[in-house]
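First the structure, in the form of structure tokens, and then the observations on it.
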């Protein structure tokens with residue numbers, strides 16, 4: 001068994017173990033662990049936001065009449081803010097597992113895929129001397145990621161597809177320079193097609209997928225300007241990247257679906273208090289914003305600092321596609337007025353691990369990680385216990 005296969009098995013087993021450790025006190029219905037009460041049992045995992053909302057979409061296909069028959073109190077238009085791919089994947093496994101278990105199964109498989117895809121990104125582009133350790137670290141950092149990949153959520157699927165889209169764009173850019181030296185050069189458009197295809201699937205999973213298309217477009221324009229190509233050559237080179245147009249095509253597909261279900265092509269923008277983009281930026285520091293309501297927000301400052309500094313560091317390291325994506329994501333994030341900025345910025349965090357790779361693989365950081373590991377675990381459990389949807393019996397959705 002070669003090292004790569006061993007590493008993949010290690011990452012798979014580590015993902016299963018990490019998830020099991022999060023689920024364990026809920027299985028055991030422990031009454032007191034560090035003051036935390038798990039007596040509701042595994043229903044807490046099932047009830048965590050936003051899993052059941054995606055089950056409702058899987059059951060209804062956004063049909064308002066079908067949504068009205070389900071045990072929930074939200075308007076049908078609310079669900080237009082939740083894109084469909086995660087729900088469709090839940091539906092795919094429902095005949096074998098039921099809706100609730102299928103929801104967690106898709107999350108778990110997507111998490112395993114995310115970690116393995118991240119490992120190959122690190123390994124194939126030689127972004128670290130310790131790809132296995134950095135990939136294992138990705139399982140628990142940021143701590144908010146540990147939470148969402150342990151409950152029903154669309155982020156693991158989205159992050160998996162985002163990493164794959166970035167990976168194949170970088171493969172394509174690499175082939176631009178080395179393909180003439182290869183005995184069997186790859187077809188020039190194969191990598192860029194995969195990048196566009198996975199970007200399309202990412203957008204079909206979550207609305208921020210459009211930031212992939214935007215950041216890739218900025219990167220391509222920057223690259224052309226930097227190389228000072230002629231106008232004629234500019235358009236010739238631009239044609240090579242046409243498969244990336246699959247990404248914005250995803251919006252057209254979803255909005256067309258909404259046209260037939262809601263009779264409203266722009267139903268996403270009419271979904272109520274779901275779109276938290278505001279202007280001017282930094283409205284997250286306005287206590288009057290409905291999804292803020294807090295003054296204890298200093299952690300968000302640190303998230304912004306780490307994000308922007310990481311994006312600029314990636315550009316300095318000449319990892320341009322990644323750097324432009326991270327910066328695009330964080331520029332968008334300063335327009336979000338929501339207390340949970342750590343969740344909104346999750347898709348950029350795998351790439352921030354690359355930016356801070358030298359610190360994160362150091363002996364000193366590994367000592368720090370041992371010190372705070374229990375804190376990460378307790379933070380996750382405390383959050384999961386409180387982040388439950390108002391459905392006392394989740395089995396109603398099975």
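Every number here is computed from the coordinates shown, using simple stated rules; none is lab data. Quantities reported herein were computed from a predicted structural model and do not represent experimental measurements. Every residue, glycine as well, gets a Cβ built from its backbone with ideal geometry; the counts of neighbours run over all protein chains shown.
Observations
- Calculated FRET efficiency, residue 234 to residue 190, Cβ-Cβ distance, R0 = 30 Å: about 0.85 to the nearest 0.05.
- Length gained when the stretch residue 395-residue 373 is fully extended (0.36 nm per residue, less Cα-Cα span): 4.6 nm
- Highest mean first, the peptides 13-20, 360-367 sorted by other C-beta atoms within 10 Å per residue fall in the order 13-20, 360-367.
- When 245, 132 are sorted by how many other C-beta atoms sit within 10 angstrom of their C-beta, beginning with the fewest, the order is 245, 132.
- Highest-first packing order for the peptide set 201-207, 105-111, 389-395 is 201-207, 105-111, 389-395, based on the mean count of other beta carbon atoms within 10 Å.
- 67, 301, 140 arranged by Cβ crowding within 10 Å, fewest neighbours leading: 301, 140, 67
- Shape index of the chain: Rg/Rh, with Rg the Cα radius of gyration and Rh the Kirkwood radius from the inverse mean 1/r over Cα pairs, equals 0.96.
- Take the Kirkwood radius over Cα pairs of region 242-398, plug it into Stokes-Einstein at 37 °C and 0.692 mPa s, and you get 174 µm²/s for translational diffusion.
- In a fully extended conformation the segment linking residue 27 and residue 295 would gain 92.9 nm over its present Cα-Cα distance, using 0.36 nm per residue.
- Within region 268-311: backbone nitrogen closer than 17 Å to the residue 359 label point (7 Å, Cα to C-beta): 299-311
- Rounded FRET efficiency, nearest 0.05, which uses the C-beta distance separating residue 260 from residue 331 and R0 of 25 Å: 0.15
- Sorted peptide list for 314-321, 228-235, criterion being average Cβ within 10 angstrom, highest first: 314-321, 228-235
- Region 202-316: proportion of alpha-carbon pairs further apart than 17 angstrom, %: 72 percent
- Principal axis dimensions, largest first and in whole angstrom, of region 73-135 by Cα: 51, 28, 16
- Exposure proxy ranking, count of Cβ atoms within 10 Å, fewest first, for 103, 224: 224, 103
- In the elastic network of the chain, a GNM with C-alpha springs shorter than 10 Å, the most mobile of 259, 26, 149 is 259.
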